[in-house]
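These notes are about the structure you will find just below.
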């Protein structure tokens, strides 16, 4: 590359565009040969009767934060959205909106992280697009991803499948990602650094479904809006009450301290490497062991249960034994965190 920053010409479709694609983006992400660079990727060997499809856009600020960056966040988020439906993630598209002036060293770091995340999750980046906007018309880089996955089974975990008696499991501490991004953005001087929890959870999901099958009723990743909002969505979809145990909720002490200082509730702070599993009570202990036996699940715990058919309430049993209602996040507590 002759330049060390993105220029408007990189989005022209001409020589600079081809140079950016051929010398940086394609070699880093997919290594697709020039002879195979067509307007669409052709995927072979898909024999599943059901295919999952998802799309998401990432506008996080800052684009690089403790433990990750916007690139691996985009891949992990897309993989997790597919996995929560019970699908095996297969292929991802990547759309890049680059602002004039973005340093190529930053772009290289982001692309490298995307490729590493895709490799770890065993998915392929198969197609994409790149556009450049004038300086001041964007914010360094925005990423859009779409992903497809296939079903190797007949299971259908879904948000409307929670039943009274079910247990609610989570694979680790809450609020890490949102607080990591906020602390980095605002330059907060915390005594201990908070890192993002961004991770692909498809392997854990595959193991849960393989070992516990139809007893796994709901799988969701509590991203924007946090655990409280996601559980409220499940309660409304299923028409049930969910009761959480405040004493069981895993919160990183550094996250708890930062939230206390800023007046935030960790239950409403975003996560990018956590899943909520609502499972039949009979398999809850075994499912917990399954999660603890996988990477990113060592701190898995049971945090609550589905209590009864209702209009969709979520209640919190507090540390002193009282009950308080937990609603959806109102407004935007932490903007630009994913």
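A short reminder: the numbers here are calculations on the coordinates, not readings from a lab. Given the structure is predicted, the values throughout are model-derived calculations rather than measurements. In this analysis, Cβ positions are derived from the backbone assuming ideal geometry, glycine residues included, and neighbour counts consider all displayed protein chains.
Tabulated data for the structure shown
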item: The stretch 167-325 shape via C-alpha gyration tensor axes, a/c threshold 1.5; result: oblate
item: Gain on full stretching of the segment that runs from residue 23 to residue 325 - 0.36 nm per residue minus C-alpha separation; result: 103.3 nm
item: Calculated [θ] (222 nm, deg cm²/dmol) that DSSP helices of n ≥ 4 give over the chain, each run adding -39,500 (n - 2.57); result: -8500 deg cm²/dmol
item: Folded to 0 to 90 degrees: helix 202-212 orientation relative to the chain principal axis, Cα; result: 30
item: Percent of beta bridges antiparallel (DSSP, the chain, rounded to nearest 5); result: 75
item: FRET efficiency, 1/(1 + (r/R0)^6) with R0 30 Å, evaluated for residue 61 and residue 299 via beta carbons; result: 0.60
item: Among 305-318, 113-126, the order from most to least packed when residues are scored by Cβ within 10 Å on average; result: 113-126, 305-318
item: Packing-based ranking, highest mean first, of 223-231, 265-273 given that Cβ atoms within 10 Å are counted; result: 265-273, 223-231
item: Relative contact order, percent, the stretch 8-150 [alpha-carbon distance under 8 Å, six or more residues apart]; result: 38
item: Relative contact order %, the chain, counting alpha carbon pairs below 8 Å whose residues are six or more apart; result: 22
item: Label zone at residue 309, where the point sits 7 Å out along the Cα-to-Cβ direction: the stretch 236-267 residues whose backbone N lies under 16 Å; result: 236-242
item: FRET efficiency estimate (nearest 0.05) - Cβ-Cβ, residue 15 to residue 265, R0 45 angstrom; result: 0.30
item: Share antiparallel - DSSP beta bridges, the stretch 8-150, percent rounded to 5; result: 70
item: Spin-label pair residue 292/residue 53, simplified geometry with 7 Å Cα→Cβ offset, distance in nm; result: 4.2
item: FRET efficiency estimate (nearest 0.05) - Cβ-Cβ, residue 185 to residue 154, R0 35 angstrom; result: 0.20
item: In degrees, nearest ten, helix 253-262 long axis to first principal axis of the chain (Cα); result: 80
item: Cα long-axis angle, helix 226-238 against the chain (0 to 90 degrees, to the nearest 10); result: 70
item: Mean Cα-pair separation over length for the stretch 167-325, i.e. relative contact order, pairs under 8 Å, 6 or more apart, %; result: 43
item: Segments 194-201, 21-28, 92-99 sorted - mean Cβ within 10 Å per residue, highest first; result: 194-201, 92-99, 21-28
